[in-house]
Amino acid sequence: MTVTIVGSQLGDEGKGGVVDLYGDAADVVVRYQGGDNAGHTVVEGDEEYKLSLVPSGAVRDKVGVLGNGCVVNPETLFDEMDALRERGLDPDVRLARRAHVIFPYHRALDGIEEEAKSDSDAEVGTTGRGIGPTYEDKVGRRGVRVGDLLDPDVLREKLEYVVPQKRALAEEVYGVETGEEFNVDALYEQYREYGERLAAEDMTVDAGDFLGDRIDAGKNVMFEGAQGTVIDIDHGNYPYVTSSNPTAGGAATGTGVSPGVVGGGEVIGIVKAYLTRVGSGPLPTELGGVAGDTPGYDEQGEGENEELAEYIREKGGEYGTVTGRPRRVGWLDVPMLRHAARTNGFTGLAINHVDVLAGLDEVKVGHSYDLDGEELFTMPATTERWGRCEPNFRSFDGWEDVDWDVVAEQGYDAIPANARRYLDYVSEQIDTDIYAVGVGPGREQTVVLDDPFE
Ligand code: GDP
Ligand code: IMO
Ligand code: MG
């Protein structure tokens, strides 16, 4: 069977930890979209792993696959694999030959366009990893795929076509001087070598066949979403989004496994008990922003309660895994979760960071929005309208800080009663059962109610 792990909010909900939690029963863990913009944390005992590309199952020695929906920077991948080997793990990662390759010019153009947009306060606040420009080339039918790295003639031909275009774009449209990142010969040499290593280590596969064979043989496959529903290119708050589909449908298109198989399995929505966001765009329930990080939407709560935001940010360690940027913090946004539940078809929820909110007198949630005199229960489709939504808050009595390790051991009933009220409310509102409650970053610091593989 399959289990799909999907972020229900804006990324960093604790997906890596949940992949690790349930990963023991999986035979293969598959990323289906995104690239090294992701930063997934797994805490095993005293060891903390921050993974960008290698699927989180590596910590449990599971085979990892990067599906065709991913964009792969080979340099990041090899560095990450080498670093894991140095720490005593043995990552076995297979790349879809249909996955697209990130080149240095993609990263350069990512930065160049962000810089250009910043003149009008319109930058997305990307991770700068070249994600958008690589997906642009994929859709523009001029991308280089992993399979092309294995055939030097094809690689050279493709680079000779595309690189002069990129150079012209950088120099003539944006007026930026270019260097080695836009040099065909240098790129060819570097990426041909990556191809040789991929071939030598037998790392490339037809992902659909590879996974289909295993599913037919009764193996368990886990799909590890990156990012989250509200930064999905289609279902997120465009244009403040990433360039792929983190939503559950992406698990099918991004791997070559059929929608029936993905939908026949479980889809677990990962929810942070509050909200964080790195990068720009609206955030109706924002507590306090990070100055300058919310172009165009500064009025929406920034500064209103910066002290509380700061408290949660520090207690939760809310700094970007990839870029180190401080994350913006807000109360849980329930219309956002209703949108995510419908889009993804969650069969279960994992609600994390319940420990981080402990000790507050009051915990609030945005229950619905007011917009132009109307009450809305789900997110409007345009970002302009979402940006004008005023949340209707509901207030919950806070819960005390307790020994969460003991709570994790004893189970759901050991969670402080007020926290259970909060959790039950969330579960009811989106009509989905809770499978797990995160009460700390560690593998053992989770109250497990249900295991999707059982
Ligand atoms: P991902 O991108 O969704 O995998 O999430 P990140 O790894 O970027 O961010 C989640 C952070 O919160 C990591 O540092 C995790 O170790 C940590 N974390 C996950 N679940 C919990 C939890 O229930 N409580 C606390 N305190 N930390 C958690
Ligand atoms: P994980 O998998 C949180 C955000 C960026 C930016 C927008 C576009 O760890 O949850 P991109 O570089 O993808 O073009 O940036 O998306 N973003 C994330 N935010 N968690 C992530 O990944 C993210 N990956 C991208 O901050 O706002
Ligand atoms: Mg992350």
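The values are calculated or read from the model by the stated rules, or taken from the named source; none is laboratory data. This is a predicted model, so every value here is computed, not measured. So basically every Cβ, Gly included, is an ideal-geometry build from the backbone, and we count neighbours across all protein chains shown. Side chains are part of the model used for accessible areas, which takes the heavy atoms of the whole protein and leaves out ligands, DNA and RNA. Shrake-Rupley method; radii C 1.70, N 1.55, O 1.52, S 1.80 Å.
Summary of computed values
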read-out: Restricting region 409-433 to residues that are open to solvent by less than 20 Å² (accessible area, probe 1.4 Å) and of a type in the set (A, V, I, L, M, F, W, C), the residue that is nearest to Lys219 (Cα to Cα); value: Ile430
read-out: Restricting region 218-249 to residues that are of a type in the set (Phe, Trp, Tyr) and buried (at least 24 other Cβ atoms within 10 Å of the Cβ), the residue that is nearest to Gly128 (Cα to Cα); value: Tyr240
read-out: Residue list for region 353-378, restricted to those being over 13 Å from Glu13 (Cβ atoms), open to solvent by less than 10 Å² (accessible area, probe 1.4 Å) and either touching a strand residue (DSSP E or B) at 6+ places or on another chain (Cβ under 6 Å) or not small (Gly, Ala, Ser) (or both); value: Leu357, Val363, Val365, Gly366, Ser368, Tyr369, Leu371
read-out: For Tyr22: the one exception among (1) part of a helix (DSSP H, G or I); (2) within 12 Å of ligand 1 (Cβ to nearest atom); value: (2)
read-out: Filter result for the condition that a residue is touching a residue at least 12 places away in the same chain (Cβ under 8 Å), over 23 Å from Ile233 (Cβ atoms) and in contact with a helix residue (DSSP H, G or I) (Cβ under 7 Å, 6 or more places away or on another chain), over Leu89, Leu109; value: Leu89
read-out: Inter-residue pairs, beta-carbon under 9 Å, first free of Cβ contacts under 8 Å to residues at least 24 places away in the same chain and under 25 Å from Thr253 (Cα atoms) and in region 139-160, second assigned to a helix (DSSP H, G or I) and basic (Lys, Arg), 6+ apart; value: Arg142/Lys158
read-out: Identity of the residue in region 209-239, part of a loop (DSSP other than H, G, I, E, B), touching a strand residue (DSSP E or B) at 6+ places or on another chain (Cβ under 9 Å) and more than 16 Å from ligand 3 (Cβ to nearest atom), that ends up nearest to Leu53 (Cα to Cα); value: Asn220
read-out: Single unsatisfied condition, Arg385 versus (1) open to solvent by less than 10 Å² (accessible area, probe 1.4 Å); (2) more than 23 Å from the chain's Cα centre (by Cα); value: (1)
read-out: Matching residues in region 43-69 - criterion: being surrounded by 24 or more Cβ atoms within 10 Å (Cβ to Cβ) and within 12 Å of ligand 2 (Cβ to nearest atom); value: Leu51, Leu53, Pro55, Ser56
read-out: Members of region 242-289 found to be aliphatic (A, V, I, L, M) and away from ligand 1 (no atom under 16 Å from the Cβ), listed by number; value: Ala252, Val257, Val261, Val262, Leu283, Leu287
read-out: When residues of region 16-38 are limited to those that are open to solvent by 10 Å² or more (accessible area, probe 1.4 Å) and touching a residue at least 40 places away in the same chain (Cβ under 8 Å), the one nearest to ligand 2 (Cβ to nearest atom); value: Asn37
read-out: Qualifying positions in region 251-264 - in contact with a helix residue (DSSP H, G or I) (Cβ under 9 Å, 6 or more places away or on another chain) and either open to solvent by less than 50 Å² (accessible area, probe 1.4 Å) or among the small types (Gly, Ala, Ser) (or both); value: Ala251, Ala252, Gly254, Thr255, Gly256, Val257, Ser258, Gly260, Val262, Gly263
read-out: Filter result for the condition that a residue is within 16 Å of ligand 3 (Cβ to nearest atom) and either touching a strand residue (DSSP E or B) at 6+ places or on another chain (Cβ under 7 Å) or more than 25 Å from Val42 (Cα to Cα) (or both), over Ala417, Ala350, Ala381, Ala341; value: Ala350
read-out: Given (1) in a loop (DSSP other than H, G, I, E, B); (2) in contact with a strand residue (DSSP E or B) (Cβ under 7 Å, 6 or more places away or on another chain); (3) more than 21 Å from Lys364 (Cα to Cα), number of the condition Leu283 does not satisfy; value: (3)
